[in-house]
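The values are calculated or read from the model by the stated rules, or taken from the named source; none is laboratory data. What you see is a predicted model; the values in this text were computed from it and never measured. All Cβ positions, even for glycine, are placed from backbone atoms using ideal geometry, and neighbour counts span all protein chains on display. These area figures cover heavy atoms from the full protein model, side chains too; ligands, DNA and RNA do not enter into them. Shrake-Rupley method; radii C 1.70, N 1.55, O 1.52, S 1.80 Å.
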Amino acid sequence: MNHVLILSDTHHIVKSLSLLIQTEPSLHVLEATRDVIGNMDQLPDNSVIIVDMNVDNIELLIEQFPEKYRVILYSGSLELMDIPIHLQSTGCRYFNAYTSPEEIIKILMGCV
């Protein structure tokens, strides 16, 4: 089983993405508790982290993730220009609110 952690300050984003991810039997949503956030290096090796681009200090947050985890950026915006240039260079995948559910699952499956 592959694990997905969703980091967002917006409850409806977490809920919507969690429901979508649960449609794929091989994916499991990890709850973003304080213990999980405080021990990021303890996530299962086959974990993917989805980060809402509206999270405060996103650049610092992403730098703290162990390199063994794949990071996918999420934006509610249609504009790809919202992604800071220095985040593009990290090789993060990206999807937004307009990406089809099927494509989101493909992106997640390709990252684990």
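Quick look at the numbers
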{"read-out": "Per residue, in Å², the accessible surface of the chain once ligands and nucleic acids are set aside, probe 1.4 Å", "value": "60"}
{"read-out": "Ranking by accessible area, most exposed first, for HIS3, HIS11 with a 1.4 Å probe", "value": "HIS11, HIS3"}
{"read-out": "In Å², nearest 10: area of LEU60 left accessible to a 1.4 Å probe", "value": "100"}
{"read-out": "Span per principal axis, largest first, for the Cα atoms of the chain (Å)", "value": "33, 29, 25"}
{"read-out": "Charge dipole (debye, nearest 20) of the chain; +1 at Cβ of Lys and Arg, -1 at Cβ of Asp and Glu", "value": "240"}
{"read-out": "The chain - percent of accessible surface contributed by carbon and sulfur, probe 1.4 Å", "value": "50"}
{"read-out": "Accessible area of PHE65 in the full protein assembly, 1.4 Å probe (Å², nearest 10)", "value": "20"}
